[in-house]
Amino acid sequence: MKDTITGKTKLLGLLGHPVEHSLSPVMHNKGFQNLNLDFIYLCFDIKEESLNEAVQGLKAIGVRGFNVTMPHKKTIIQYLDGMSKEAELIGAVNTVVNDAGKLYGHNTDGKGYVRALVEEGISVKDKTIVMFGAGGASRSISVELALAGAKEIVIINRTVHKAVEICNMLNRNIPTCKTQAKELNDENTREAIERADILINNTSLGMHPYEDQCIIKDENLLRADLIVSDLIYEPSKTALLKMAEKKGCKIINGLGMLVWQGALAFELWTGKKMPIDEIKQKLLKERMHL
Ligand code: ATR
């Protein structure tokens, strides 16, 4: 956002329900301000039954694009003119670009996650990864990990059929990556962690206000050479990350993914790189408890 909103200022925004706690406006508007870009980013609380009207309205007023969050990441697809290959595989869209009246869907969630790992000096190439949870986050992250050359992905979930579904999709489309789907129990957890280089928690266990919950029950399953990553960024150190830190593991929380999924969307809309370090500082200031 420039100092003044003018007749030329372009609109971007977030469609979701609820949206009032989103950090995306803070992130994007800070980026526009830093780079003196003539955009403004707002949140729109859109219920499921109003999505079509909202999308047609945004198209009619000629927005540059928008983000999409729960509960619209899948249902948005029917209103789009095209999609990236990754978004198609993931079956969900979080970023839409309006190119001369045509709406194109992208998914920057998984790509943002892999990018955040790269920034930490971690390559996923030839790595064995164990992932807990089989919701939307696991789906988008697993596609990008497989595309980035992961050797094997083991998905462990309470509802095993959801893990099987993701693995089948990966096997069909990215056969270079081996997969295994397992039900969440002590034995499967132990076996998978033993062979893993990277552990990722994509479940909601440990998220504020349930900070005492943890997907791993026995800290002795963790070794110092295991990288432990939690998608949760609030609290900044979940019970899982505290346990992993105590065991000497490298730990990574969800802040990097949050920022990088935004940065990739920012670049799709503006063609410019988001100033990552300033944005991280701004987010940390906004949420002192992050
Ligand atoms: P997201 O889109 O962020 O991935 P989601 O689709 O709601 O969110 O997925 C949440 C994941 O956390 C699911 O894999 C869920 O397991 P189920 O598929 O069995 O529901 C997992 N999860 C949530 N609460 C859990 C709990 N108490 N124990 C184990 N897994 C849990």
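Just so you know, all these numbers are worked out from the coordinates, no wet-lab data involved. Keep in mind that what you see is a predicted model, and the values were worked out from it rather than measured. Heads up, the Cβs are rebuilt from the backbone with ideal geometry, glycines too, and the neighbour counts pull from every protein chain shown.
Okay, here's what the table says:
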{"read-out": "Gained length - residue 22 relative to residue 204, 0.36 nm times residue gap less alpha-carbon distance", "value": "63.8 nm"}
{"read-out": "0 to 90° range, to nearest 10: angle between helix 24-35 axis and the chain longest Cα axis", "value": "60"}
{"read-out": "Point-to-point label distance, residue 59-residue 273, nm (Cα→Cβ direction, 7 Å offset)", "value": "3.5"}
{"read-out": "Calculated SAXS-style log₁₀ I(q)/I(0) at q = 0.11, 0.12, 0.13 Å⁻¹ - region 94-241, Debye, Cα scatterers", "value": "-0.41, -0.49, -0.57"}
{"read-out": "Prolate/oblate/rounded call for region 156-230, Cα gyration tensor, a/c under 1.5 rounded", "value": "prolate"}
{"read-out": "Average projected area [Cα convex hull, region 22-113], square nanometres", "value": "6.2"}
{"read-out": "Computed helical MRE - 222 nm, the chain, DSSP H runs ≥ 4 contributing -39500 (n - 2.57), nearest 500", "value": "-11500 deg cm²/dmol"}
{"read-out": "Acute angle (nearest 10 degrees) that the helix 255-270 long axis makes with the longest principal axis of the chain, alpha-carbon atoms", "value": "30"}
{"read-out": "Radius of gyration and maximum dimension Dmax of the chain, Cα, Å", "value": "19.2, 62"}
{"read-out": "Cα-projected label distance for residue 171 with residue 118, points at 7 Å along beta-carbon direction, nm", "value": "3.0"}
{"read-out": "Order by protection proxy (mean Cβ within 10 Å, highest first), peptides 76-86, 229-239", "value": "229-239, 76-86"}
{"read-out": "C-alpha center-to-center spacing [region 183-230, region 77-98] in angstrom", "value": "31"}
{"read-out": "Spin-label model distance (nm) - residue 49 vs residue 77, 7 Å beyond Cα toward Cβ", "value": "2.5"}
{"read-out": "The chain: antiparallel DSSP beta bridges as a percent of all, rounded to 5", "value": "20"}
